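One structure is given below, encoded as structure tokens.
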Amino acid sequence: MRKIHVIGIGAGDPEQLTLQAVRALRGTDVFFVLDKGEVKADLVRARRDMLDAHVEPGSYRVVEARDPERDRAAGGSAYSPAVGDWRSARADIYERLISEELGEEESGAFLVWGDPALYDSTLGILDEILARGAVAFTYDVVPGISSVSALVARHRTGLNRVAGPVQITTGRRLAEGLPEGVDDVVVMLDAHQAFRRYADQDIDIYWGAYIGTPDEILVSGPLAEAGPRIERIRAEARERKGWIMDTYLLRRNPERG
């Protein structure tokens with residue numbers, strides 16, 4: 001039966017590959033890579049560089065397909081349906097790749113940035129394909145170093161404080177309000193810098209973009225001071241590269257209130 005590896009490849013630094021990930025890479029016949037266009041071509045190159053560094057040349061194939069566009073303008077009640085449509089379109093592509101490009105006894109792999117279990121759609125898409133019943137395969141998951149872990153490591157801080165909880169959320173949720181009873185909040189997928197609405201509160205921010213890559217940018221400090229700097233740097237970086245991946249930790253300081 002066909003087998004699929006879902007391999008977490010870390011936040012961007014090639015040295016963040018785990019030994020388990022390298023072993024899975026070397027046991028794969030076909031790597032499936034989604035092309036996101038010329039603007040994000042360096043993401044495809046990074047994957048190929050990892051394969052060149054760790055896998056014997058000629059022992060595998062790389063099959064590329066164009067990633068479907070998602071309606072990023074959809075908001076409010078239209079957001080979830082838009083994401084659902086995009087995931088289904090991806091499922092159609094994955095299903096075709098597995099069915100047409102992978103032999104019955106071969107193994108294929110999807111290389112996932114960070115950790116496949118944290119804000120990534122691959123596992124859900126594979127389950128959707130299996131539920132359709134058109135193509136049979138098994139899959140396993142190799143965990144990776146997430147951008148969250150890499151972020152706090154680069155800032156030399158922890159995710160939580162003694163006996164305290166930490167919550168991981170999205171920019172869309174943060175815009176609705178800070179979580180109750182949680183003083184350490186990690187925010188991902190924030191295209192609109194939702195942290196700005198909390199600049200009047202005693203909050204520190206630990207922000208990072210392109211973490212683990214040569215383009216890495218780190219900023220930290222009181223939100224009222226660091227926030228405007230992050231907005232400027234973020235806009236400049238996005239203009240320069242055409243895309244940006246960033247993550248941040250907000251840390252409330254009630255004891256200083």
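Quick note: the coordinates plus some simple rules give every number you see, no bench work behind them. If you're wondering where the values come from, they're calculated on a predicted model, not measured in any experiment. Every residue, glycine as well, gets a Cβ built from its backbone with ideal geometry; the counts of neighbours run over all protein chains shown.
Per residue, the average separation of C-alpha pairs within less than 8 Å and at least 6 apart gives the chain a relative contact order of 23 percent. Full extension of the chain between ARG96 and THR138 yields a length gain of 13.5 nm, computed as 0.36 nm times the residue separation minus the alpha carbon distance. Along region 8-16 the Karplus relation, 6.51 cos²θ - 1.76 cosθ + 1.60 evaluated at θ = phi - 60°, assigns HN-Hα couplings of x, 10, x, 7, x, 6, x, 6, 7 Hz to successive residues, with x for each Gly and Pro. Against the chain, whose longest principal axis comes from its Cα atoms, helix 79-101 is set at around 30 degrees. Test of understanding: extend the Cα→C-beta vector of GLN20 to 7 Å, then name every residue of region 120-142 with backbone N under 18 Å from that spot. Residues 120, 122-124, 139-142 fall inside that zone.
Net charge in the neighbourhood of VAL142 (other residues with Cβ under 15 Å of its Cβ; Lys, Arg +1, Asp, Glu -1) is +1. Spin-label pair ALA153-MET1: with each label point 7 Å from Cα along the Cα-Cβ axis, the two points sit 3.4 nm from one another. Counting only DSSP H runs of at least 4 residues, each contributing -39500 (n - 2.57), and dividing by the residue count of the chain, the helix-based mean residue ellipticity at 222 nm comes to -10500 deg cm²/dmol.
Taking Cα pairs under 8 Å and at least six residues apart, what relative contact order does region 148-256 come out at, in percent? Over region 148-256, the number comes to 30 percent. Global dimensions of region 2-145 from alpha-carbon coordinates: Rg and Dmax equal 15.1, 48 Å.
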